[in-house]
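Each reported figure results from applying straightforward, stated rules to the coordinates on display, with no laboratory input. Since the structure is predicted, the reported quantities are computational estimates derived from the model, not experimental observations. Virtual Cβ from ideal backbone geometry, glycine too; neighbours counted across all protein chains shown.
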Amino acid sequence: MMADFSAARRAMVDSQLRTTGVTERRLLAAMGSTAREDFVPPARRAIAYIDDHHVLSDSLENTRFLAAPSVFGRLVQMAAIKSDDRVLDVGAGTGYSTAILAQLGAHVTAVESDPDLAEAARAALQAAEFHNAVVVTSLEKVNQKSFDVIVVEGALFAAPDDLLARLNVGGRLVAMIRQRRVGCATIYTRDQDAVTSRSEFNANLPPLEKPPTSEDFVF
């Protein structure tokens, strides 16, 4: 029997997003209309909409996941993305997060260090006709110097100072900061003089990369 992905998307919005406090209209519309099944491994298409993480790749350097809808939705909602925002999507995997962010902001630059996943993201975004997003394989290849919003698709072990330096005044960075085994959804906001942070909720999100050997964050 063919999976009814349209019904699965509606159920995701009603049972996973709305029930966990995701209320932003444009975000719900984006997640309710984007074919999540096109961004997961073929063997997992039938269960693309479960409220759990999907493993996209598992290498010695890092393990890439597509975050569970409820965790991803709550994290993105914290960023309060406006239609004229320029967004940096770090750890984009196969591009699902980029597809959602591209419907919320003006332009998205996606960074995915795994070349196979980056190519898969480019193909999926092109097939879905998202023309306001580009995919690169490292921060060094990002032409834009600063962003209004940065979304990190994986837990970090410390505040990402190098990414915070790329925030415009008034810009927001959202990330899950790992404290022992618990992830804390944190929003960093830059004003004229400093960066402030606020924690919103706890959730499990796999690390963006292996635990660092120093205090420096490298992507």
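Applying the Karplus relation 6.51 cos²θ - 1.76 cosθ + 1.60 with θ = phi - 60° to segment 65-75 yields 3J(HN,Hα) values of 10, 9, 5, 4, x, 5, 5, 4, x, 5, 5 Hz, where x marks Gly and Pro.
Under 5 Å between amide hydrogens, built in the peptide plane, is the criterion, and for Asn168 it picks out Phe147, Asp148 among residues at least 5 positions away or on other chains.
Largest mean-square fluctuation among Ala110, Ala80, Ala48, in a Gaussian network model of the chain whose springs join Cα atoms under 10 Å apart, belongs to Ala80. Measuring r between the beta carbons of Asn168 and Ala7 and using R0 = 41 Å, the FRET efficiency lands at 0.55. Computed from Cα positions, the angle between helix 115-127 and the longest principal axis of the chain comes to roughly 60 degrees.
Backbone amide hydrogens, once placed in the peptide plane, bring Leu56 within less than 5 Å of Arg64, Phe65, Leu66, excluding anything fewer than 5 places away on its chain.
The relative contact order of segment 51-203, computed from alpha carbon pairs under 8 Å that lie at least 6 residues apart in sequence, is 18 percent.
Annotation: the antiparallel percentage among DSSP beta bridges lying fully within segment 51-203 is about 55.
Distance between the modelled labels on Ser199 and Arg44, one decimal in nanometres: 2.7 nm (7 Å Cα→Cβ projection). The aspartates and glutamates whose alpha-carbon is closer than 13 Å to the alpha-carbon of Lys145, local same-chain residues fewer than 8 away aside, are Asp162.
Scanning residues 5 or more positions from Ala133 or on other chains, those with amide H under 5 Å from its amide H are Val108, with H placed 1.01 Å from N in the peptide plane. Calculated mean residue ellipticity, 222 nm, the chain: -6500 deg cm²/dmol, from DSSP H runs (n ≥ 4) at -39500 (n - 2.57) each, averaged per residue and rounded to 500.
So I have (1) 17.9, 57; (2) 19.7, 66; (3) 16.1, 58, and one of them is Rg and Dmax of the Cα atoms in Å calculated from this model. Which one is it? Correct label, based on the coordinates given: (3).
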